[in-house]
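One structure is given below, encoded as structure tokens.
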Amino acid sequence: MSVRHPDSGAREAEGPLPRLLHGLRAYGLIVAMWVRSTMAYRMSFVMMAVGNFLTSGLDFVAILLMFSHIDALGGFSLPEIALLYGATSTSFGLVDLFLGNAERVGRRVRDGTLDTLLLRPVPVLAQIAADRFALRRLGRVVQGLVVLVWGLARADIAWTPVDVLLVPVMLLSGAGIFAAIFVAGAAFQFWANDASQAQNSFTYGGTTLLQYPPTVFSQELVRGVTFVIPLAFVNWLPALRLLDREDPLGLPGWVDFCGPPVALVMIALSGLAWRAGLRSYRSTGS
């Protein structure tokens, strides 16, 4: 037996914009509730946020140890690697903060708790994403920003107004691409209930891949993350323009600015996948 959202018909009649605004408002209210709960134990929050900051920086510590023995990696200096690392860590950290709980969809499908969310007059995705909102994950975002700022300050960049604008655009479009992957992975779990690890290979695995320059990987892999799952638009392509380096695939220069449209297309496709997955859901019957 399928479980239908109690006001789904009304919401569909409203149009996409009112539904989006309703979802964002519901998401904000749920997040505010969890933040108030977190702030009731402020010292605990501070300790966990600092711990998240330190543990998320272990990857960069490994890079620092590597550069204690080498001068360059794939032709990239330490500040240039820091730029790549900081950009992808910041974009991923933002999405992990706001959408990280989407990977729990498979668990909710298996134990039947998704039925409870369907019975509430709130968009299901907003409930799942905001549930148990972990403000401590802000530590990962801060850590990524610190490394990014250091890399931008130390790398040899001939700054222009376009370059200055490209940095925030890179971070936001990168966050949009990761958000689309999170939502698409969550939608896939409606059909494959135990697929969170497959999702993590593209989210956590993707951000680890992008922390290193494309020159250390085969051209087949670089093509795959450019044309199949376009993770290269998160940081590789815009960073290559900032650093005035050649694209290993020889793509035209305008491609470096395609992060925002790529993110919008991926978000639209992931939204369609989510709607299809949700409509295919059948109650556990328990």
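The values are calculated or read from the model by the stated rules, or taken from the named source; none is laboratory data. Nothing here was measured: the structure is a model prediction, and the numbers come from that model. Don't worry about glycine lacking a Cβ; one is built from the backbone with ideal geometry, like all the others, and counts go over all protein chains shown. Side chains are part of the model used for accessible areas, which takes the heavy atoms of the whole protein and leaves out ligands, DNA and RNA. Shrake-Rupley method; radii C 1.70, N 1.55, O 1.52, S 1.80 Å.
What the table shows:
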quantity	calculated
Dimensionless Rg ratio for segment 1-151, taking C-alpha atoms and the 2.2 N^0.38 Å reference	1.35
The chain, accessible area per residue, ligands and nucleic acids excluded (1.4 Å, Å²)	50
Excluding exposed DSSP-loop trypsin sites (Lys or Arg not before Pro) (at most 14 other C-beta within 10 Å), longest clean stretch of the chain	133-281
Compactness index (Cα Rg / 2.2 N^0.38 Å), segment 177-280	1.15
Residues residue 20 and residue 249, FRET efficiency given R0 of 45 Å [Cβ-Cβ distance, rounded to 0.05]	0.80
Average Cα contact separation per residue, segment 3-159, under 8 Å, 6 or more apart, as relative contact order %	43
Protein accessible area in the chain, 1.4 Å probe - carbon and sulfur %	66
Convex hull volume per residue in cubic angstrom - Cα atoms of the chain	145
Residue-span extension gain [residue 264 to residue 165] - 0.36 nm each, minus C-alpha spacing	33.8 nm
Gaussian network model of the chain, springs between alpha carbon atoms under 10 Å - residue of 93, 51, 185 with greatest fluctuation	51
DSSP H segments from the chain that extend 27 Å or more along their own axis, Cα-based, with Kyte-Doolittle mean of 0.0 or above	16-39, 78-99, 161-188, 259-280
Residue-averaged [θ]222 nm for the chain, counting only DSSP H segments that reach four residues, each worth -39500 (n - 2.57)	-21500 deg cm²/dmol
Residue among 114, 172, 89 farthest towards the positive dipole end of the chain, charges placed on Cβ	114
Extension gain from residue 218 to residue 33, taking 0.36 nm per residue of separation minus the Cα-Cα distance	61.9 nm
